[in-house]
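K.L.:
Below is a structure I'd like to ask you about.
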Amino acid sequence: MTSLSFDTIVAQATPSGRGGVAIVRVSGSQVKFIINTMLRHSLVPRHATYLPFYDHDNQVIDEGIAIFFPSPHSFTGEDIVEFHCHGGPIVVDLILQCVISLNVRLARPGEFSERAFLNGKMDLTQVEAVADLIHATSKQAAKSAVRSLQGEFSKKIHELNEQIIYLRTYIEAAIDFATDEIDFLTDDSILICFDTILDTLTRIQEQAIQGSLLREGIVAVIMGEPNVGKSSLLNCLVGKDVAIVTTIPGTTRDILRDTILLDGMPIHIIDTAGLRESDDLIEQEGIRRAYQEMQRADIVFYLEDASKALSHTVNQLPILCDCPIIFIRNKIDLLQETPSIVLQNKVVISISAKEGLGIDILKNYIKTQVGFNEEAEGVFLARRRHLDALSRAKTLLETSLAQLKNSGAGELAAEDLRLAHLALSDITGQFTSDELLGHIFSSFCIGK
């Protein structure tokens, strides 16, 4: 996976189907031969040229625009030619088949971006940002993806690693001069350096958490007994009639899903079957699935009818669920209550899903609970693997500092610094396993 391949690859870089224009992209050592064979005309680098495209029988396939990007000034770092043709599936297929006949193979998903990474055109965070920009679900997510694509995230990681390398070098030098009278390992400048690095890492973590929320969002599961208004809440949040609402208990038997954007953060909402004792096998399965979804939730909305007493199920939830639970008193319009929120032993929000009362209170609390700040500056999109690497690096740095403070064990402190450096380098792909690379690029589009 990490060895450079000299195969020439081809793929359609635009979505399949009919359209005004389609793009077929070719990258590799055969590009100049393909230009000579299919275009019969030289191309000025990075200039669009309108001309016919020929097949191996000297027949014109189409007329369109061709652009040549010579190595190393191209997306992949290799020679690239793009055929901008009419967007009919037959035309695209004819061009692909003609290119393939010239000792070229179809690209794997993400192989163009993979070559850009392997050829040093981008690091791994920038490559991932390409996919994140394509799949961005909000304006904020798209802006954050562009920041990562421009190298803002990578720059922060590189600067942090430079500080760690300096600190590690200092400690290892102090170990080499351990017989001197001056104990360099107790120097206050080392402790100050540790504090600076940890403060910087904490700020990066905070930005990465915001970026992860923008990219992946959270999963919110709506639970409660039958007829407490779970489906009404789903419809209210989504803004359309996704779920059937009736007065008949057990109307919702299967899982219903939809997604909303809360100030740019995706919330994947799941409506579940009402929790109760039932002899109906289908309803039993729906209840089983409800508890199953709860186990995967980032947050749980437990609804109750404001005019009725709580059931024993409520007391079991904290045992069954290790994510935050928001208890929601619904149907306050029937009691002529005003929306409210109580933050004591548990969070209780009073709403009316039918009338839309208190929904803003619920949304604002969700943002507070998950730590989302839509006004955060300098946010870049981040993935769970990035958060995991930052967390590992922080733990190792804190362990290294404790080694120096408590026992003066310079060798152990230096080793923890080395491991922290490796954890951060895993983010940018400086030290990354082939298995991880394969997983990342397999999720890309074919033409990317």
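K.L.:
Taking the residues in the stretch 361-394 that are in a loop (DSSP other than H, G, I, E, B), hydrophobic (A, V, I, L, M, F, W, C) and within 17 Å of the chain's Cα centre (by Cα) as candidates, determine which candidate is surrounded by the fewest Cβ atoms within 10 Å (Cβ to Cβ).
P.N.:
First, the residues of the stretch 361-394 that are in a loop (DSSP other than H, G, I, E, B): 371-383.
Imposing the further condition that a residue be hydrophobic (A, V, I, L, M, F, W, C) reduces the set to 372, 376, 379-382.
Checking the rest, the ones that are also within 17 Å of the chain's Cα centre (by Cα) come to 372, 379-382.
Values: 372: 20, 379: 27, 380: 29, 381: 31, 382: 29.
Filtering first and then ranking leaves 372.
K.L.:
For the structure I just gave you, tell me whether residue 211 is within 24 Å of residue 384 (Cβ to Cβ) and either among the small types (Gly, Ala, Ser) or modelled with pLDDT of 85 or more (or both).
P.N.:
On the way: within 24 Å of residue 384 (Cβ to Cβ): yes; either among the small types (Gly, Ala, Ser) or modelled with pLDDT of 85 or more (or both): yes.
Yes; evaluated as a whole, the condition is true for this residue.
K.L.:
Considering only residues of the stretch 8-44 that are of a type in the set (D, E, K, R) and out of contact with any helix residue (DSSP H, G or I) (no Cβ under 9 Å at 6 or more places or on another chain), which is modelled with the lowest pLDDT?
P.N.:
Here the residue is 40.
K.L.:
I'm told residue 57 meets every condition in (1) loosely packed, with under 11 Cβ neighbours inside 10 Å; (2) over 22 Å from residue 86 (Cβ atoms); (3) among the acidic types (Asp, Glu) except one. Can you identify the failing condition by its number?
P.N.:
Residue 57 satisfies every listed condition except (2).
K.L.:
Can I ask one more? Does residue 377 satisfy the condition of being at pLDDT 90 or above and not assigned by TED's automatic domain parsing to the domain that holds residue 170?
P.N.:
The answer is no for residue 377.
K.L.:
Quick check on the stretch 395-448: of everything there that is hydrophobic (A, V, I, L, M, F, W, C) and outside any helix (DSSP H, G or I), which residue is modelled with the highest pLDDT?
P.N.:
Here the answer is 409.
K.L.:
Checking the conditions here, which among 67, 35, 90, 95 is assigned to a helix (DSSP H, G or I), within 19 Å of residue 13 (Cα to Cα) and free of Cβ contacts under 8 Å to residues at least 40 places away in the same chain?
P.N.:
Details: 67 fails: assigned to a helix (DSSP H, G or I); 35 fails: free of Cβ contacts under 8 Å to residues at least 40 places away in the same chain; 95 fails: free of Cβ contacts under 8 Å to residues at least 40 places away in the same chain.
The unique qualifying residue is 90.
K.L.:
Something else now. Which condition number does residue 103 fail, the rest of (1) under 26 Å from residue 127 (Cβ atoms); (2) in contact (Cβ under 8 Å) with a residue 24 or more places away in the chain; (3) part of a loop (DSSP other than H, G, I, E, B) being met?
P.N.:
Just one mismatch for residue 103, condition (1).
K.L.:
Tally time: how many residues in the stretch 130-169 are among the aromatic types (Phe, Trp, Tyr), at pLDDT below 90 and crowded, with 17+ Cβ neighbours inside 10 Å? Outline the logic, then answer.
P.N.:
Filtering the stretch 130-169 for residues among the aromatic types (Phe, Trp, Tyr) gives 153, 166.
Narrowing further to those that are at pLDDT below 90: 166.
Retained after the next criterion (residues that are crowded, with 17+ Cβ neighbours inside 10 Å): none.
Residues meeting the conditions: 0.
K.L.:
Condition first: farther than 26 Å from residue 131 by Cβ, of a type in the set (Val, Ile, Thr) and out of contact with any His (no Cβ under 7 Å at 6 or more places or on another chain). Can you find one or more residues in the stretch 9-23 that meet it? Walk me through it before giving the result.
P.N.:
Residues of the stretch 9-23 that are farther than 26 Å from residue 131 by Cβ, as a first pass: none.
For the stretch 9-23, residues farther than 26 Å from residue 131 by Cβ, of a type in the set (Val, Ile, Thr) and out of contact with any His (no Cβ under 7 Å at 6 or more places or on another chain): absent.
K.L.:
Have a look at 112, 117, 69 and point out the one that is in contact with a helix residue (DSSP H, G or I) (Cβ under 8 Å, 6 or more places away or on another chain), aromatic (Phe, Trp, Tyr) and in the same structural domain as residue 15 (by TED's automatic domain parsing).
P.N.:
117
K.L.:
Can you run down the residue pairs with Cβ atoms below 9 Å, 6 or more apart or on separate chains, where the first is in the stretch 209-237 and closer than 12 Å to residue 268 by Cα and the partner is of a type in the set (Lys, Arg) and modelled with pLDDT of 90 or more?
P.N.:
237/363
K.L.:
If you scan the stretch 56-100, which residues turn out to be of a type in the set (Ser, Thr, Tyr) and under 16 Å from residue 44 (Cα atoms)? Can you show your working first?
P.N.:
So the first thing to find is which residues in the stretch 56-100 are of a type in the set (Ser, Thr, Tyr), and the list is 71, 74, 76.
The answer is 71, 74.
K.L.:
Examine the stretch 255-272 for a residue that is assigned to a helix (DSSP H, G or I) and either in the same structural domain as residue 360 (by TED's automatic domain parsing) or modelled with pLDDT of 85 or more (or both), and state whether such a residue exists.
P.N.:
Within the stretch 255-272, none of the residues are assigned to a helix (DSSP H, G or I) and either in the same structural domain as residue 360 (by TED's automatic domain parsing) or modelled with pLDDT of 85 or more (or both).
K.L.:
When you check residue 63 against the structure, is it assigned by TED's automatic domain parsing to the domain that holds residue 97 and either surrounded by fewer than 18 Cβ atoms within 10 Å (Cβ to Cβ) or within 21 Å of residue 97 (Cβ to Cβ) (or both), yes or no? Working first, answer last.
P.N.:
On the way: assigned by TED's automatic domain parsing to the domain that holds residue 97: yes; either surrounded by fewer than 18 Cβ atoms within 10 Å (Cβ to Cβ) or within 21 Å of residue 97 (Cβ to Cβ) (or both): yes.
So residue 63 fits the description; yes.
Yes/no matrix, rows are residues, columns are (1) free of Cβ contacts under 8 Å to residues at least 40 places away in the same chain; (2) loosely packed, with under 13 Cβ neighbours inside 10 Å; (3) in a strand (DSSP E or B); (4) in contact with a Phe, Trp or Tyr (Cβ under 8 Å, 6 or more places away or on another chain):
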site: 7; (1), (2), (3), (4): no, no, no, no
site: 14; (1), (2), (3), (4): no, no, no, no
site: 20; (1), (2), (3), (4): no, yes, yes, no
site: 40; (1), (2), (3), (4): yes, yes, no, yes
site: 50; (1), (2), (3), (4): yes, yes, yes, no
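The values are calculated or read from the model by the stated rules, or taken from the named source; none is laboratory data. Just so you know, these numbers come straight off a predicted model, no measurement behind them. No Cβ is skipped: glycine too gets one built from the backbone with ideal geometry, and neighbour counts run over all protein chains shown.
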